[in-house]
Protein chains: 2
Amino acid sequence: MAEQTLRQFLQSAPIGSAFGGDDGDVDFLDTLPRFYSPSAVISRQGDTNSRIFIVASGWASIARHLPNGNRQIIDTPLKGDVLGMPSSDGGSINSLVAVSEVSVFEVPGLPFAKALDHHPALGALFASMIARQHSIAAERLTSVCRRSALERTAHFLLELGERLSAGGTSTQLGYDCPLTQHDLADVLGLTQIHVNRTLRELREREMVSFRSGSVEFINRQKMTRLAGFDKGYLQYNLLNAPKKSGIQKLPHTSTRQTIL
Amino acid sequence: MAEQTLRQFLQSAPIGSAFGGDDGDVDFLDTLPRFYSPSAVISRQGDTNSRIFIVASGWASIARHLPNGNRQIIDTPLKGDVLGMPSSDGGSINSLVAVSEVSVFEVPGLPFAKALDHHPALGALFASMIARQHSIAAERLTSVCRRSALERTAHFLLELGERLSAGGTSTQLGYDCPLTQHDLADVLGLTQIHVNRTLRELREREMVSFRSGSVEFINRQKMTRLAGFDKGYLQYNLLNAPKKSGIQKLPHTSTRQTIL
DNA sequence: CGAGCATTTGACACGTTTCAATCTCTGTGG
DNA sequence: CCACAGAGATTGAAACGTGTCAAATGCTCG
């Protein structure tokens, strides 16, 4: 897999935007991603220079750190996920850290804001992408509030599988996952110890096995039922994709749609 | 307060966008909000016609309903909050319900998508607004995962105060809140019964009183400390606001910035 | 071979839920 | 004008899920 420019990346899977063809004057579209090693800090809570990030490959995590030393992982951005919105006088409120080897496109805030003025489709594209991130957060909120540790963990592992398969790094059988049990705990609002117990139970109940960096589905259907998982909230739903009508082809997916 | 068109609304507080001045061809900008009575369903989970909503006044709630009958309130949109993104083949994933008397601007999806093509600032504006909603959701996720019932409840009441004051319906002393304890529970991931106990404790500890639809701050500083509340995540952070430079005036607020 | 980190397991504590009942208010019809 | 119904709020007691504390195991890398 050769390196892609941001322009090419936005046009290919999983985003598949029509944008970028005739916008030769937008410099940052022709940049290549930057690479980070595991646990490298891509953007620190409090950083002042604003950038927008688009994950090209690998796993990252965005976390909010609390005064008491706890952290909450808001999400684990994967291929095709956007994060960060330009800020002008302050810094980012979240920390972005590499989990595995990651490559990310970094777009500086000011050029981005300038490009928006002349390229309508760019704003629409980003609005859609951010709306998708928001939909993911809303589902996680639901999970954390109304599902048990077991359901919640199953739900998250299914979500990851779904999101990864859009980028081609997951199959029906499973995927590689560089998250530690501690990371999982910080995503799911549990303790590492309880995550451990929960993963054991999921294994004993013959739904998934997650050991040594590898998630293997055993009975995906049973798991989906337990978790109440419906991938509808994960759809990429580009505003500007269909230039013609309201009828838009989506690649072999469910009926539900991503909304706010 | 006379009725405003969407155009006027976007230009005034709390959003204060520069957008709309010379876009006479965008019809929906000159529409008036629509009114709903308490508990009226504005948009149902599963609805097919896509619209974007912008709350002009009053309280609403967006909720995701689970198969088991539970609901999770993702947020309680207030004056200036946007929700919904056009979908093309499916329906909204969330239900939008009026809590108090609400007025909302409703923009049909297709005209909106069309307008985006010709008005760069529109996409940027919406991207910013959605990013703010996302930031609110991220903070709630943090709250729900890492703060106790007491801290979480205090945090939410402070957040509401802050958000309302941007729209002028809250003071340092308190505000009117039409949410029931049951609603609060569905926001905070608690049971109604525990919300009741928690509110009592906040009253006994002399931080806030929330009785018969009225929130009264007793010791806001103590409360802010308990909750670990920092309003940074609530800023409106418009991409397209400052036409000139990176230095943007924000009205008497903290240093932190809203990010994804 | 030992250091350090991730995982695993057990026992116990605690916060929150669940179940059950009572109470208060508000609006409504007799 | 009072009785009543229904929704929301309040309180108590017991059950349960998850956190906390403590310790051992396994793995990887120098």
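Some points to look at:
- Across chain B, Cα-Cα distances exceeding 32 Å account for 22% of all pairs.
- Kirkwood-based shape ratio for the stretch B:168-243, expressed as Rg/Rh from alpha carbons: 1.06
- Compared with the dominant principal axis of the Cα atoms in chain B, helix B:149-166 is inclined by about 40°.
- The dipole here belongs to the stretch B:1-142: it is taken about the Cα centre, uses +1 on the Cβ of Lys and Arg and -1 on the Cβ of Asp and Glu, and is about 540 debye.
- Net dipole in debye of the stretch B:148-229 [+1 Lys, Arg Cβ; -1 Asp, Glu Cβ; about Cα centre; nearest 20]: 220
- Shape class for the stretch B:54-177: prolate, because the ratio a/c of the largest to smallest gyration tensor axis (alpha-carbon atoms, square roots of eigenvalues) is 1.5 or more and a/b beats b/c.
- Rounded to whole numbers, the Karplus 3J(HN,Hα) couplings from phi for the stretch A:224-234 are 4, 5, 4, 7, x, 8, 9, 6, x, 6, 9 Hz, using 6.51 cos²θ - 1.76 cosθ + 1.60 with θ = phi - 60°, and x at Gly and Pro.
- Of the residues A:Thr76, A:Ile52, B:Leu188, the one whose Cα sits farthest towards the positive end of the charge dipole of the protein assembly as shown is B:Leu188 (charges of +1 on Lys and Arg Cβ, -1 on Asp and Glu Cβ, taken about the Cα centre).
- Inter-copy label distances at B:Asn68, shortest first and taken from points set 7 Å along Cα to Cβ: 2.6 nm.
- Of all chain A residues, the one whose Cβ lies closest to the rotation axis that maps A onto B, given with that distance rounded to whole Å, is A:Gly123, 1.
- The amide H of A:Ile218, built 1.01 Å from its N in the peptide plane, has A:Val208, A:Ser209 as neighbours under 5 Å, considering only residues 5 or more places off or on other chains.
- Dipole magnitude (debye, nearest 20) for chain A, charges at Cβ of Lys, Arg, Asp, Glu: 960
- Backbone HN-Hα couplings from phi across the stretch B:26-38 [Karplus 6.51/-1.76/1.60, Hz, Gly and Pro as x]: 8, 4, 5, 5, 9, 8, 9, x, 9, 9, 10, 8, x
- Label 7 Å beyond Cα on the Cβ vector: A:His182 copy-to-copy distances, nm: 4.4
- Expressed per residue, the C-alpha convex hull volume of the stretch B:144-208 stands at 84 Å³.
- Evaluating kT/(6 pi eta Rh) at 20 °C and 1.002 mPa s, with the Kirkwood radius of the protein assembly as shown over Cα pairs in the Stokes-Einstein relation, gives 92 µm² s⁻¹.
- Once C-alpha pairs closer than 8 Å and six or more residues apart are averaged by separation and normalised to the residue number of chain A, the relative contact order reads 19 percent.
- Compared with the dominant principal axis of the Cα atoms in chain A, helix A:120-146 is inclined by about 20°.
- Candidate aspartates and glutamates - alpha carbon under 15 Å from A:Lys114, same-chain residues fewer than 8 apart omitted: A:Asp23, A:Asp25, A:Asp27
- Whole-Å distance, taken between Cα centres, linking the stretch A:50-87 and the stretch B:63-138: 22
- Folded to 0 to 90 degrees: helix A:192-204 orientation relative to chain A principal axis, Cα: 70
- For residues of B:72-80, the mean tally of beta carbons on other chains within 10 Å: 3
Coordinate-derived values only; no laboratory data. Worth saying up front: this structure is predicted, and the values here are computed from it rather than measured. Quick reminder, even Gly has a Cβ in these numbers, built from the backbone with ideal geometry, and neighbours come from all protein chains shown.
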